[in-house]
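A.B. asks: Below is the structure I would like to discuss, written out as structure tokens.
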Amino acid sequence: MGDFLWEWYGWIKSMHVISVIAWMAGLFYLPRLFVYHVEVVGSGNPTDDLFQVMERRLLKAIMTPAAVSTWVFGLCLVFTPGIVDWSLWWPWFKATAVITMTWFHIWLMLRRRDFAAGQNRLTGRAYRAMNELPTVLMFFIVFSVIVKF
């Protein structure tokens, strides 16, 4: 298996980066949609229905497949011999940040269900604040991988 992963390393790494970009785009955009949904659209009207369709499609057609492929290709990289030295602390730091990013994705899924049920309780300000989390995590992830601090 290690030989296969080494032979395909460049392709796997490329697919991992593409998947991360798609996932991050969704993680940045969905909370912003929630801000507009709360502050401008409201609930129980045709625009509310439109926003719910956009939010659902973003999650199901882009974000979730991108998250899954990020994990699959990332785990392939982890299992490629010689790529990750687990005796250092940067891979553990990155892994924690990626798990937190996955938690945020699930949290967004739950908030979308709240909108669909007409039970959103958060404000635009709360969604704006949560919108900063993927940015902070992205910095930690990139620096941990590139700088290996």
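A.B. asks: Working carefully through the options 28, 34, 51, find the one that is surrounded by 12 or more Cβ atoms within 10 Å (Cβ to Cβ), in contact with a Pro (Cβ under 7 Å, 6 or more places away or on another chain) and not basic (Lys, Arg).
C.D. replies: 28
A.B. asks: Still on this structure, I have one more. Would you check which residues across segment 105-142 are within 28 Å of residue 86 (Cβ to Cβ) and surrounded by 15 or more Cβ atoms within 10 Å (Cβ to Cβ) and list them?
C.D. replies: Within segment 105-142, 105, 133, 134, 137, 138, 140, 141 qualify.
A.B. asks: Go through 68, 84 for me and flag whichever is free of Cβ contacts under 8 Å to residues at least 12 places away in the same chain and loosely packed, with under 15 Cβ neighbours inside 10 Å.
C.D. replies: That would be 68, the only listed residue that is free of Cβ contacts under 8 Å to residues at least 12 places away in the same chain and loosely packed, with under 15 Cβ neighbours inside 10 Å.
A.B. asks: Being in a helix (DSSP H, G or I) and over 22 Å from residue 124 (Cα atoms) narrows it down to one of 103, 92, 107, 86, so name that one.
C.D. replies: 92
Every read-out reported here was derived from the displayed coordinates using simple, explicitly stated rules and does not represent laboratory data. Bear in mind that the values here come from a model prediction, so they are computed numbers and not experimental data. Counting neighbours? That spans all protein chains shown, and the Cβs are built from the backbone with ideal geometry, glycine included.
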